[in-house]
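Undergrad: Here it is: the structure, laid out below.
The values are calculated or read from the model by the stated rules, or taken from the named source; none is laboratory data. Just so it is clear, the model here is predicted, and its values are computed rather than measured. Because the Cβ atoms are built from the backbone with ideal geometry, glycine has one as well, and the counts that use them run over all protein chains shown.
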Amino acid sequence: MKQFFLTLALIAGILQVNAQIVQENNPTTGDLFSGFTRPLTFNRMIPPYALELTFAKTVHIIFPAGIRYVDLGSADLLAAKADGAENVLRVKAASQGFERETNLSVITDDGSYYTFNVKYADEPVKLSIEMADFMHGWNIENRPGNEIPVNLSDLGSESPYLVRLIMETIYRNNRTKIRHIGSRNFGIQYLLKGMFAHNDLLFFHLQLKNTSTVAYEIAYLSFKIVDKKVAKRTAIQEQVIVPLRSYNQVTGVSGNREERTVFTLPKFTIPNDKQLVIELIEKDGGRNQTLTIENADLIRAEVIDNLTVKVK
């Protein structure tokens, strides 16, 4: 009887070893629950990019939009946005010669999601990398079957992809819808070319034209709702509205040149005793520009559903 139990124990040990060998030679298929759930297929996978890092050099990755989120797969990586730049990520190895492969994930302001498989290399070939635009940079055969941009909280239920597409289309169409709102002095002309509305968003198309030979450098631009009339000794009440997105936002315009920008703002209305003021302040200069918009102008914003959206 004792020999019988020893034989059973020996058989069980052999079966366990054989099962381990089978498991090692047959990697997981993703079906972790023996057929009771659907496995993730490759058409649901976002293909990762291959990235090599080293300890003695920094790799810079330039994205087409500002960086909103970064996740490092392990403590072997160090990453941070480059100083003064919203769309440049600097990455390097935290330790010399880390052995195990890890990963890096990035989400940008336009709702794009990027993923990288990261390995260590003594001398990486690619130290400066420019990522393709999410809208135009993917080959159709490399797209996942469920291609969906990431929704960001500041845009609510709106797709960042669609918001970017609307801004780009307004900019490329370059149509003048409004002709009575503008400011002009000292050779600088600032115009509101159009206002558009889509669900809970407003789009402002602005043009800055410099007819002088002196370059115009922008210190800051602000959107704010202010009182139409302010009595003396009464504090001015201002409600600042921060743009959610911008397309082709510039820091200035050279002499005898013009630039245009499209801003996305959360939808709002203006009380009868107030007005929207768009204020453009010149850096170290006095050629400031102010646009005044009444609620009657705002409610006539063109509904974006009637705008023909063009794709490159």
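Undergrad: Inspect segment 235-253 for any residue being out of contact with any strand residue (DSSP E or B) (no Cβ under 6 Å at 6 or more places or on another chain) and surrounded by 14 or more Cβ atoms within 10 Å (Cβ to Cβ) and give the result as yes or no.
TA: No: segment 235-253 contains no residue that is out of contact with any strand residue (DSSP E or B) (no Cβ under 6 Å at 6 or more places or on another chain) and surrounded by 14 or more Cβ atoms within 10 Å (Cβ to Cβ).
Undergrad: Quick check on segment 246-262. Is at least one of its residues modelled with pLDDT of 95 or more, within 25 Å of the chain's Cα centre (by Cα) and among the hydroxyl-bearing types (Ser, Thr, Tyr)?
TA: Yes, there is a match, as at least one residue in segment 246-262 is modelled with pLDDT of 95 or more, within 25 Å of the chain's Cα centre (by Cα) and among the hydroxyl-bearing types (Ser, Thr, Tyr).
Undergrad: Name every residue in segment 64-74 that is of a type in the set (A, V, I, L, M) and at pLDDT 95 or above, in order of residue number.
TA: The answer is 70, 72.
Undergrad: Applying the selection to segment 290-306, what residues are of a type in the set (A, V, I, L, M, F, W, C) and either touching a helix residue (DSSP H, G or I) at 6+ places or on another chain (Cβ under 8 Å) or surrounded by 15 or more Cβ atoms within 10 Å (Cβ to Cβ) (or both)?
TA: 291, 293, 298, 301, 304
Undergrad: If you scan segment 31-63, which residues turn out to be modelled with pLDDT of 80 or more and more than 22 Å from the chain's Cα centre (by Cα)?
TA: 52, 53, 54, 55, 56, 57, 58
Undergrad: Could I ask something else about it? If you scan segment 64-75, which residues turn out to be free of Cβ contacts under 8 Å to residues at least 40 places away in the same chain and over 20 Å from the mean Cα position of the chain (by Cα)?
TA: Across segment 64-75, the qualifying residues are 74, 75.
Undergrad: Just name the residue that is farthest from residue 246 (Cα to Cα) out of those in segment 98-130 that are part of a loop (DSSP other than H, G, I, E, B) and touching a strand residue (DSSP E or B) at 6+ places or on another chain (Cβ under 6 Å).
TA: Applying the filter and picking the extreme gives 98.
Undergrad: If you don't mind, there's one more thing I want to ask. Mind checking whether some residue in segment 135-142 is in a helix (DSSP H, G or I), at pLDDT below 80 and closer than 21 Å to residue 105 by Cα?
TA: yes
Undergrad: If you don't mind, there's one more thing I want to ask. Do you know which residues across segment 181-206 are within 23 Å of the chain's Cα centre (by Cα) and part of a strand (DSSP E or B)?
TA: Selection gives 195, 196, 197, 198, 201, 202, 203, 204, 205, 206.
Undergrad: Could you look through segment 262-289, keep only residues that are in contact with a helix residue (DSSP H, G or I) (Cβ under 8 Å, 6 or more places away or on another chain) and among the β-branched types (Val, Ile, Thr), and pick out the one that is farthest from residue 170 (Cα to Cα)?
TA: 270
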